[in-house]
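Here's the structure we're looking at; comments come further down.
The values are calculated or read from the model by the stated rules, or taken from the named source; none is laboratory data. Quick caveat: nothing in here was measured; it's all calculated off a predicted structure. As a convention, Cβ positions derive from the backbone with ideal geometry for all residues, glycine included, and neighbour counts pool all protein chains shown.
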Ligand code: HEM
Ligand SMILES: *[C@@H]1O[C@H](CO)[C@@H](O)[C@H](O)[C@H]1NC(C)=O
């Protein structure tokens, strides 16, 4: 009895530790199942929730669209997601709140560890559905075209693989961009960055194309 109780407590502990890896979340508002990771930026528990949904039809080493849903505490100045898991030479999705509190998504690319520049090979369409805010958080849901494939050094094409884990990275700054209403605004360097392994296999949705079409029409 004692040992089985102890084992149960230990097993629960292990589960909560491994919960730092991807979990699967169904969002009824957008009608998609997302693979989710939480990226901590403050020791008090504050962090950004990154959710990704893709189609079940995509094959490995191909370019495909992704829906990304991000939940952001209101104290974030700007934050970014690096689709290739590092700052340089991969598509960066940088985001903040604009002048009317609407989300601003800025597609960027960094060739070195200095301010990333606008990157036109990836584009984001923010959906009305799944984009909202309250007194503590804001969230957006967007379709990205061009985030899962890019040209690396030497002309090689790199892919975010749809059937397993991919290393992603994020960066956080408490400082607002200098010109928040412009997607090409200047930003100052992050305070925090981190990496994780994001499971894309559990991000696959069989009704992806139809759900995206519905979200685009709303
Ligand atoms: C003004 C804008 C930015 C500046 C000046 C900047 C500068 C830097 C510098 C100097 C480092 C090296 C730190 C070290 O070696 O300890 C670094 C690392 C890093 N930055 Fe940035 N950064 C900027 C924006 C971004 C953005 C938008 C992202 C992601 C969306 C990002 C993600 C990262 C990551 C993941 C690292 C770790 C090293 C690596 O993966 O290359 N940074 N940054
Ligand atoms: C505030 O909004 C966020 C993002 O949509 C949500 O996760 C959170 O549950 C909301 N909090 C309250 C108290 O409604």
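Key figures
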| item | result |
| --- | --- |
| Residue check for residue 50: within 16 Å of ligand 1 (Cβ to nearest atom) and either surrounded by 15 or more Cβ atoms within 10 Å (Cβ to Cβ) or at pLDDT below 95 (or both) | yes |
| Near pairs, Cβ below 9 angstrom, 6+ apart or cross-chain, from the stretch 44-67 (within 14 Å of residue 202 (Cβ to Cβ) and without any contact (Cβ under 8 Å) to a residue 60 or more places away in the chain) to any residue that is more than 16 Å from ligand 1 (Cβ to nearest atom) and outside any strand (DSSP E or B) | 51/203 |
| Any hit, the stretch 137-149, residues being out of contact with any strand residue (DSSP E or B) (no Cβ under 7 Å at 6 or more places or on another chain) and part of a loop (DSSP other than H, G, I, E, B) | no |
| Members of the stretch 73-113 found to be surrounded by fewer than 22 Cβ atoms within 10 Å (Cβ to Cβ), within 16 Å of ligand 2 (Cβ to nearest atom) and part of a strand (DSSP E or B), listed by number | 73, 97, 103 |
| Subset of the stretch 169-181 that is touching a strand residue (DSSP E or B) at 6+ places or on another chain (Cβ under 8 Å) and farther than 15 Å from residue 109 by Cα - its residue that is surrounded by the fewest Cβ atoms within 10 Å (Cβ to Cβ) | 181 |
| Residue pairs meeting the criteria (Cβ under 6 Å; at least 6 apart or on separate chains; first under 14 Å from residue 195 (Cα atoms), in the stretch 77-101; second within 16 Å of ligand 2 (Cβ to nearest atom)) | 79/48 |
| Selection within the stretch 119-162 - on the phi > 0 side of the Ramachandran plot, buried (at least 17 other Cβ atoms within 10 Å of the Cβ) and away from ligand 1 (no atom under 16 Å from the Cβ) | 130 |
